[in-house]
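Bear in mind these aren't lab numbers, they're just calculated from the coordinates by the rules spelled out. Treat the numbers as computed from the prediction; the structure is a model and nothing was measured. Cβ coordinates were reconstructed from backbone atoms using ideal geometry, including for glycine residues, and neighbour counts include every protein chain displayed.
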Protein chains: 2
Amino acid sequence: MSPAHRSEGEITAIGRATDLLKQFRESRGSLSAAALVRRTDLPKSTVYRMVADLVRVGLLERDGDDYRPGILLFEIGEAVPRQRDLRDAAKRHLATLHQATLENVGLALLDGFEVVHLEMFRGREGPRLPQHTGGRWPAHASASGKAVLAFSGDTVEVPAVLPRFTERTIVDHAELQVELDRVRRRGVAFDRQEAIAMIVGVAAPVFGPDGAVLAAVSMSGVAGRIDTSRMDAAVRTTALTISQDLADARSVVRPVLQARRDGR
Amino acid sequence: MSPAHRSEGEITAIGRATDLLKQFRESRGSLSAAALVRRTDLPKSTVYRMVADLVRVGLLERDGDDYRPGILLFEIGEAVPRQRDLRDAAKRHLATLHQATLENVGLALLDGFEVVHLEMFRGREGPRLPQHTGGRWPAHASASGKAVLAFSGDTVEVPAVLPRFTERTIVDHAELQVELDRVRRRGVAFDRQEAIAMIVGVAAPVFGPDGAVLAAVSMSGVAGRIDTSRMDAAVRTTALTISQDLADARSVVRPVLQARRDGR
DNA sequence: GGGGCGAGTCCCGCTGAACGGGACGCGGCC
DNA sequence: GGCCGCGTCCCGTTCAGCGGGACTCGCCCC
């Protein structure tokens with residue numbers, strides 16, 4: 001009826017179900033069926049029926065009158081190749097960097113024009129950053145994003161308008177290019193309160209065995225409490241170590257990966 | 001037609017789609033459409049149509065003629081509450097235990113009668129265990145499983161038949177109860193090559209602020225190379241530290257969780 | 001070189017699963 | 001008491017999903 005802009009889910013059952021599941025990405029914790037109706041503007045009975053289905057198959061779990069993503073989703077999510085191999089190789093080194101500095105340390109990859117945080121070790125003190133594992137953030141306003149963009153060549157399409165988050169956010173295309181040049185020369189990217197006021201960060205790119213950039217190691221904290229200009233070497237070191245491990249591991253790990261490729 | 005035992009997916013589109021997604025849990029990496037047809041015994045055209053749908057909404061990604069779970073699944077999986085809060089609290093301490101011992105260190109929770117591995121730090125040397133983050137394993141044949149079972153009271157239903165993995169696997173119900181008593185007294189559980197020959201482990205339970213068991217911290221390695229009887233204190237210490245952090249954090253974290261409960 | 005096989009793609013008529021408007025009951029709040 | 005929002009259930013309609021099957025394209029083996 002109303003030609004309303006359906007978020008994107010089209011009219012298939014799978015699309016609608018995915019719309020529902022997506023609601024749980026940001027909203028930590030559980031949601032009531034009524035909240036889902038509001039957020040998706042799907043008809044009430046559709047949501048209730050669908051949610052019951054999702055519980056039956058294990059994608060959602062029921063918690064009183066609320067619903068939450070099921071452990072099955074975690075299991076499948078851990079099997080996603082784009083993150084699995086990288087995290088496997090990186091986790092140990094990220095932990096080391098974290099323990100050596102006690103700062104917030106993370107790993108992020110680029111998806112579209114946004115970074116997705118694959119791993120995150122939080123500093124003990126300091127305010128809990130809103131960033132969390134599995135979270136997204138626009139690439140132009142993050143150290144990790146800039147670190148990856150700088151080495152991505154022209155394969156990434158920059159959106160027409162770059163949203164502003166603080167007064168320091170880079171929203172001009174030319175300015176962004178200048179910044180990326182700088183990152184390319186230095187090998188590290190800085191976030192100077194461009195995403196969140198009072199929060200700064202450093203990031204360095206991680207490369208695959210073929211030389212293509214895969215992700216970025218980052219470190220962040222409260223301006224004044226963390227000195228990013230003294231941390232860049234540490235971040236770069238960790239990023240390079242991971243890159244080397246990936247190159248070394250290829251010869252060992254890949255055969256195993258290839259082995260059980262097929263069904264039956 | 002053939003009354004074949006449909007795995008469980010029933011006849012809804014969501015059920016079928018979930019059946020497809022589940023295929024990616026164990027089979028690391030990507031699968032071809034044909035492999036999916038074989039594994040699910042769904043009609044060819046159904047699989048092809050459905051897989052195209054799943055790609056459209058982002059649950060799968062296409063990789064040549066193969067398909068792999070999409071990064072979206074990782075994002076939603078990270079939002080699963082059952083694992084999120086626990087991992088947040090545990091990660092730092094697991095990393096410490098790992099760095100202190102250089103052994104394989106993990107965190108697992110119980111789902112049904114199986115443990116699901118939430119986190120896993122791998123030892124540098126030693127054979128790569130088949131266990132991986134997001135993986136499942138029957139509870140009676142794992143140190144973590146026994147550690148959680150021992151403190152779960154009678155809330156968990158023990159299956160009629162306990163599958164055997166090695167000659168040491170506990171497959172007798174009475175014997176399992178004796179073992180769980182022992183675990184309850186000691187506060188730690190041991191895996192004496194009960195899951196995989198030559199592999200041993202220790203695990204200790206993690207408790208929530210209300211005293212209910214939530215998960216288990218575990219350590220494992222090759223028999224002879226790791227001395228589990230000398231590691232149990234370390235594992236218990238880490239488990240207790242996490243339990244305490246959870247209790248402390250409740251007052252801080254919960255308000256935030258409650259806050260944005262609702263939509264709109 | 002030809003023919004068999006398994007892969008991926010496309011088509012299309014049929015049908016019942018999904019759809020969604022709406023009635024109902026419950027509980028909390030004004 | 002009356003209103004409102006929530007969860008549940010019902011049921012007639014219809015169109016999205018279904019799946020058999022035809023087609024093509026490589027590849028391998030005879």
task: Find out how many positive minus negative residues lie around A:Asp154, taking Lys and Arg as positive, Asp and Glu as negative, among other residues whose Cβ is under 14 Å from that of A:Asp154.
output: -1
task: Give, in whole angstrom and from largest to smallest, the semi-axes √(5λ) of the equivalent ellipsoid of the range A:95-220, with λ running over the eigenvalues of the Cα gyration tensor.
output: 22, 17, 13
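Of all GluC sites (Glu not before Pro) in the range A:7-59, which ones are in loop regions per DSSP and have a Cβ with at most 15 other Cβ atoms within 10 Å? Write out the running numbers ahead of the final one.
Details: sites: A:Glu8, A:Glu10, A:Glu26; in loops: A:Glu8, A:Glu10.
When the GluC sites (Glu not before Pro) of the range A:7-59 are filtered for loop state and at most 15 Cβ neighbours within 10 Å, A:Glu8, A:Glu10 remain.
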- prompt: For label points placed 7 Å from Cα toward Cβ, what is the shortest-first list of nm distances from B:Asp248 to its copies?
  reply: 3.5
- prompt: Between B:Arg136, B:Arg84, B:Arg230, which gets the highest mean-square fluctuation from a Gaussian network model of chain B, Cα cutoff 10 Å?
  reply: B:Arg230
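Quick one: dipole size for the range A:80-257, taken about the Cα centre, charges +1 on Lys/Arg Cβ and -1 on Asp/Glu Cβ, in debye to the nearest 20.
460
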task: Just tell me how shielded A:27-39 is by partners: mean number of partner chain Cβ atoms within 10 Å of each residue's Cβ, no decimals.
output: 4
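Convex hull volume of the Cα atoms in chain B, per residue, in Å³?
Details: hull volume 44.8 nm³, N = 264.
Measuring per residue, one finds 170 Å³ for the Cα hull of chain B.
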- line: Here FRET efficiency (C-beta to C-beta, B:Asp227 to A:Thr237, R₀ 25 Å, nearest 0.05) is 0.15
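For the range A:13-76, would you read off the P(r) tail past 19 Å as a percentage of all alpha carbon pairs? Don't skip to the answer; put the middle values down first.
Working: 344 of 2016 pairs.
For the range A:13-76, the share of Cα pairs beyond 19 Å comes to 17 percent.
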For the B-to-A rotation axis, chain B residue with nearest beta carbon and its distance in angstrom: B:Gly77, 1
message: Just checking the output field for B:82-93: average partner chain Cβ neighbours within 10 Å of each residue's Cβ?
response: 4
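Helix by helix, which DSSP H runs in chain A go 24 Å or more along their axis at the Cα atoms and have an average Kyte-Doolittle hydropathy of -1.0 or more? Before the final figure, lay out each step's value.
Details: long enough: A:81-101 (29 Å, -1.27); A:228-259 (45 Å, 0.10).
Within chain A the helices that satisfy the rule are A:228-259.
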- line: Averaged over residues of B:15-23, the number of beta carbons from other chains lying within 10 Å of each residue's Cβ is 5
- prompt: Which values of log₁₀ I(q)/I(0), to two decimal places, follow from the Debye formula for the range A:146-230 at q = 0.10, 0.22, 0.24 Å⁻¹ with a uniform point scatterer at every Cα?
  reply: -0.26, -1.16, -1.29
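Ranked highest first by the average count of other Cβ atoms within 10 Å around their residues, in what order do B:161-170, B:98-107, A:152-161 fall?
Values: B:161-170: 14.3, B:98-107: 22.1, A:152-161: 10.2.
My ranking of the peptides, most packed first, is B:98-107, B:161-170, A:152-161.
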field: 7 Å along Cα→Cβ, label-point gaps from A:Arg62 to other copies, nm, shortest first
entry: 3.8
- prompt: When only Cα pairs under 8 Å and 6 or more residues apart are kept, what is the percent relative contact order across the range A:115-222?
  reply: 27
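What does the helix-only formula give at 222 nm for the protein assembly as shown: each DSSP H stretch with n ≥ 4 adding -39500 (n - 2.57), the total divided by the residues, and the result rounded to the nearest 500 deg cm²/dmol?
On the way: 16 runs with 238 residues, N = 528.
Taken over the protein assembly as shown, the calculation gives -14500 deg cm²/dmol.
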task: Excluding residues fewer than 8 places away in the same chain, name every one of the lysines whose C-alpha is closer than 25 Å to that of B:Lys22.
output: A:Lys22, B:Lys44
statement: Inter-copy distances for B:Asp172, label 7 Å out on the Cα-Cβ vector, sorted ascending, nm, one decimal, are 8.1
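With only alpha-carbon pairs counted, each pair once and no self-pairs, how large is the Kirkwood hydrodynamic radius of the protein assembly as shown in angstroms? Could the numbers behind the result be given before it?
Numbers: mean 1/r = 0.0411 Å⁻¹.
Result for the protein assembly as shown, one decimal place: 24.3 Å.
Once the Cα gyration tensor of the range B:8-159 is diagonalised, what are the square roots of 5 times its eigenvalues, in whole Å and ordered largest first, as equivalent ellipsoid semi-axes?
On the way: eigenvalues 210, 76, 43 Å².
Rounded to whole Å, the semi-axes are 32, 19, 15.
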- line: For the A:Gln193, A:Ile11 Cβ pair and Förster radius 35 Å, calculated FRET efficiency rounded to 0.05 is 0.20
